[in-house]
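The next block holds one structure in the form of structure tokens; read it before the comments.
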Amino acid sequence: MGKLGVLFVHGMGHQSRAYADQMIDELKQRVARTGSDPGDIEFKPAYWGDLLESREESLLRRMCAGGDLDWVRIRRELVVSGLGDAIAYVGPGTAESMYYGAMHARIETALSQLQEQLDGNEHAPVVIVAHSLGCAMVSNYLWDAQRDTPWARGNTALTRGETVAGLVTMGCNLPLFTLALRPNEVQAVSLPGIRAEAAFRDKAEFREHAGWVNFYDPDDVLSYPLKPTSASYAKAVKHDIAVNSGPIWSAHTSYWTDNDVTVPVAKRLVGLLKAI
């Protein structure tokens, strides 16, 4: 039975259901090299990419049929599948998004499945690894649960995010979403979760390896440091770490297997395992 759960949440654009497989394999290998047992960690990717794919593809076909458009396959597919995901998630200013709840339901389902993998232990600690738009989704999911908003999900401590010991964000564009808020409303979620520390025997080791770490590549135009966002973010985020995930055209999608990311993430997982 695993002692620690790791949930993955992907970002915008066309995504394979196997999007996290390479990172999971690499993390297992790195954990094993330290002498720790990777079997003590349960991994679970959340997947929501199929919610919008058919509608986005249909929209692009209709637009192409209705006018002469250039760069359809090279650029417009990326725009429609990428920005389309973000716009659908946030919703129009005149109505509630029909996808906000649906996307969060996929996170809740994955957390519930992760709890089952952890022998049904709703108090098992969890680390969440999120990429791109997935960072905003995780932040909002935790925000809703922590403040019991009408959109809050989860009926166990684990599915409500109360046992989240660590959050890893990669290629995060959360600061852009704060533009819809008044400056005094820009508040970060509280991490670790309120029930996370109780699962750890070594509190000092827990505090060293828990919390929120953000990886960004300065060449990735969709990725930003988080601490400068507001005083609340400066306090909530433990580290903003600049990495070189790849050349400018692939930097945003290359965090998953970049050594500058997987090495410190594996180190944090091992530290949390030892603290349990």
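The values are calculated or read from the model by the stated rules, or taken from the named source; none is laboratory data. Bear in mind that the values here come from a model prediction, so they are computed numbers and not experimental data. In this analysis, Cβ positions are derived from the backbone assuming ideal geometry, glycine residues included, and neighbour counts consider all displayed protein chains. SASA here: full protein model, heavy atoms, side chains in, ligands and nucleic acids out. Shrake-Rupley method; radii C 1.70, N 1.55, O 1.52, S 1.80 Å.
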| message | Cβ-Cβ under 8 Å, sequence separation 6+ or interchain: first residue in segment 195-212 and more than 10 Å from Arg268 (Cα to Cα) and in contact (Cβ under 8 Å) with a residue 24 or more places away in the chain, partner assigned to a loop (DSSP other than H, G, I, E, B) and open to solvent by 70 Å² or more (accessible area, probe 1.4 Å). Which pairs? | response | Arg195/His123; Ala198/His123; Ala199/His123
| Does segment 172-180 contain at least one residue that is crowded, with 20+ Cβ neighbours inside 10 Å, modelled with pLDDT of 95 or more and not basic (Lys, Arg)? | yes
| said: Just the residues that are open to solvent by less than 60 Å² (accessible area, probe 1.4 Å), more than 19 Å from the chain's Cα centre (by Cα) and of a type in the set (A, V, I, L, M, F, W, C), please, taken from segment 200-233. | reply: Phe200, Phe206
| task | Within segment 241-256, count every residue that is in contact (Cβ under 8 Å) with a residue 60 or more places away in the chain and either more than 18 Å from Leu133 (Cα to Cα) or touching a Lys or Arg at 6+ places or on another chain (Cβ under 8 Å) (or both). | result | 0
| Of all residues in segment 16-42 being under 18 Å from Thr109 (Cα atoms) and in contact with a Phe, Trp or Tyr (Cβ under 8 Å, 6 or more places away or on another chain), the one that is most open to solvent (accessible area, probe 1.4 Å) | Arg17
| request: Could you please give the count of residues in segment 187-231 that are of a type in the set (Asp, Glu) and part of a loop (DSSP other than H, G, I, E, B)? | output: 4
| message | Against the condition assigned to a helix (DSSP H, G or I), surrounded by 14 or more Cβ atoms within 10 Å (Cβ to Cβ) and modelled with pLDDT under 65, how does Glu77 come out, does it pass? | response | yes
| remark: In segment 183-207, anything hydrophobic (A, V, I, L, M, F, W, C), closer than 16 Å to Val237 by Cβ and touching a strand residue (DSSP E or B) at 6+ places or on another chain (Cβ under 6 Å) is listed as Leu191
| request: Filter segment 115-135 for residues that are farther than 16 Å from Phe200 by Cβ and buried (at least 23 other Cβ atoms within 10 Å of the Cβ) and give the result. | output: Gln115, Ile128, Val129, Ala130, His131, Ser132, Leu133, Gly134, Cys135
| field | Matching entry among Ala124, Ala110, Ala102, Ala145 (being among the hydrophobic types (A, V, I, L, M, F, W, C) and closer than 14 Å to Val189 by Cα) | value | Ala145
| said: Criterion first (outside any helix (DSSP H, G or I) and at pLDDT below 95) does Met103 satisfy it? | reply: no
| Here are some conditions: (1) touching a strand residue (DSSP E or B) at 6+ places or on another chain (Cβ under 9 Å); (2) open to solvent by 30 Å² or more (accessible area, probe 1.4 Å); (3) hydrophobic (A, V, I, L, M, F, W, C). Ile248 meets all but one. Which one does it not meet? | (1)
| message | Being free of Cβ contacts under 8 Å to residues at least 24 places away in the same chain, assigned to a helix (DSSP H, G or I) and buried (at least 21 other Cβ atoms within 10 Å of the Cβ) is the requirement here; does Ala145 meet it? | response | yes
| message | Can you list residue pairs whose Cβ atoms sit under 6 Å apart, with the first residue in segment 12-28 being over 23 Å from Gly271 (Cβ atoms) and the second being part of a loop (DSSP other than H, G, I, E, B) and open to solvent by 30 Å² or more (accessible area, probe 1.4 Å)? Count only pairs 6 or more apart in sequence or on different chains. | response | Arg17/Tyr47
| Counting only residues that are touching a helix residue (DSSP H, G or I) at 6+ places or on another chain (Cβ under 9 Å) and assigned to a helix (DSSP H, G or I), which one in segment 40-55 is modelled with the lowest pLDDT? | Arg55
| query | Can you find even one residue in segment 149-167 that is among the aliphatic types (A, V, I, L, M), crowded, with 22+ Cβ neighbours inside 10 Å and touching a residue at least 60 places away in the same chain (Cβ under 8 Å)? | reply | yes
